[in-house]
Amino acid sequence: MTGVDTLTQRRIVHRTRGSRHGPITRLMSPSDLGQVVKPFVFLDLFESEGGLMDMPVHPHSGIGTITVFTKGDVHFDDLDSGTGTIGYGGVEWSRAGGGMRHGKELAPGSSPRIQGFQLWIALPPELENGASESQYLEASQIPRAGPAHVIVGAYDGVESPVRAPGGINYLLVMLKPGEAWTYEPPKGHSVGWLAIANGQVEAGERLSAGEMAVLDRSEAPIQLTAVGPEDAVFVLGSAVLHPHDLHLGYYSVHTSTDALERGERRIAELGEKLAAAGDRRTALGATPVFR
């Protein structure tokens, strides 16, 4: 969409390059920008050789995790989703709910190098201690709206098959050099942000690869133009503001102290059961999510 009056351009109110730890750059945590753009509470930009097999198995509760790839591909092997490949435009969605343990469920694909984002969203009270589930969706299963893959939510007449809570949109976008695009948030989506994987984007201010920008609280359109010689690849999130305080554990985010305590008890129980389960690796070398 284009043609929106430039006077409505959303202002950037926070910019960050996060903090780098080896192949991972942490752009947002629940204790910092996650407080500003909740239900979006955590964002990592990762880049590494092969798959994500160096990630240790770790627990979560109270959140949903969304992994998308901006370069390269990985394989999945899951009892419910079967086997397949996730590359640009595909997604892994895991709803931790009351508890899960994961970290090695994606095996290396055909590409020597991968890049992508892992996002956490805070779940509403009716889901935060509920059942855990995962979806693995190849790019062909994710609908497009212009230059955007609609990873989560619904936009411009298309709806993602990802079973995430309502009131949240998450898009993966590629713009050619000089291409302009305007995102018009759905009604009620006053939270907005974007993070750049590759290239440069003009968004009232010029943003470059590795940056995250938070926009002012508004439902006004977000106008974006790719600048420079490369394609611009970025993710964009918009949502209805999460109305609850964030109660934080090391791997958990909940809406109350009681919900957090229940989640942490559950993931401790899962840890004991996982230790007793032994080696669960598949033929691909991946280890399925434990729930």
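The values are calculated or read from the model by the stated rules, or taken from the named source; none is laboratory data. Every value quoted in this text rests on a predicted model; they were computed, and no experiment measured them. Cβ: placed from backbone, ideal geometry, glycine included. Neighbour counts: every protein chain shown. What goes into the accessible areas is simple: the full protein's heavy atoms, side chains included, and nothing from ligands, DNA or RNA. Shrake-Rupley method; radii C 1.70, N 1.55, O 1.52, S 1.80 Å.
Compared with the dominant Cα axis of the chain, that is its longest principal axis, helix 257-277 is turned about 50°. Just going by the charge dipole of the chain, with Lys and Arg at +1 and Asp and Glu at -1 on Cβ, which of 48, 257, 160 is farthest out on the positive end? Result: 257, furthest along the dipole toward the positive end. Taking Cβ atoms as reference points and 12 Å as the exclusive limit, the residues near residue 79 contribute a net charge of -3, counting Lys and Arg as +1 and Asp and Glu as -1.
With a Förster radius of 22 Å applied to the C-beta separation of residue 14 and residue 245, the computed FRET efficiency comes to 0.65. Once the Cα-Cα distance is subtracted from the 0.36 nm per residue extended length, the residue 275 to residue 176 segment shows a gain of 30.8 nm. Start at zero, step by 10 Å, and the Cα-Cα distances of the stretch 53-113 spread as 20, 53, 25, 1 percent across the bins.
Applying the criteria of a DSSP loop state and at most 16 other Cβ atoms within 10 Å to the trypsin sites (Lys or Arg not before Pro) of the stretch 192-263 yields 217. Let me make sure I get this right: for the stretch 83-203, a, b and c are the square roots of the gyration tensor eigenvalues over alpha carbons, sorted descending. Under 1.5 in a/c it's rounded, otherwise prolate if a/b > b/c, else oblate. Which is it? Oblate.
Summarised as an ellipsoid, the stretch 142-291 has semi-axes of 35, 21, 15 Å, derived from the eigenvalues of the Cα gyration tensor scaled by 5 and square-rooted, with the largest first.
Solvent-accessible area per residue in the chain equals 41 Å², computed with a 1.4 angstrom probe and all protein chains kept. Share of carbon and sulfur in the accessible area of the chain stands at 50%, probe radius 1.4 Å.
Remark: the stretch 156-255 carries a charge dipole of roughly 240 debye about the Cα centre, counting +1 on each Lys and Arg Cβ and -1 on each Asp and Glu Cβ. Taking label points 7 Å from Cα along the Cα-to-Cβ direction, residue 159 and residue 126 give a separation of 1.5 nm.
Stokes-Einstein, applied to the Kirkwood radius of the chain over Cα pairs at a viscosity of 1.567 mPa s and 4 °C, places its translational diffusion at 68 µm² s⁻¹.
You can think of it this way: the chain between residue 85 and residue 58 has 7.4 nm of extra reach, that is 0.36 nm per residue less the Cα-Cα gap. The stretch 218-250 and the stretch 66-84 have Cα centres lying 23 Å from one another.
Judged by the mean number of other Cβ atoms found within 10 Å, the most tightly packed of the peptides 195-202, 16-23 leads the ranking 195-202, 16-23. Could you tally the net charge around residue 273, taking each other residue with its Cβ under 14 Å from the Cβ of residue 273, Lys/Arg +1 and Asp/Glu -1? My count for the surroundings of residue 273 gives +3.
For the peptides 65-77, 164-176, the ranking by mean Cβ contacts within 10 Å, running from highest to lowest, is 65-77, 164-176. For the stretch 114-155, GluC sites (Glu not before Pro) meeting the loop criterion (DSSP other than H, G, I, E, B) and having at most 15 other Cβ atoms within 10 Å: none.
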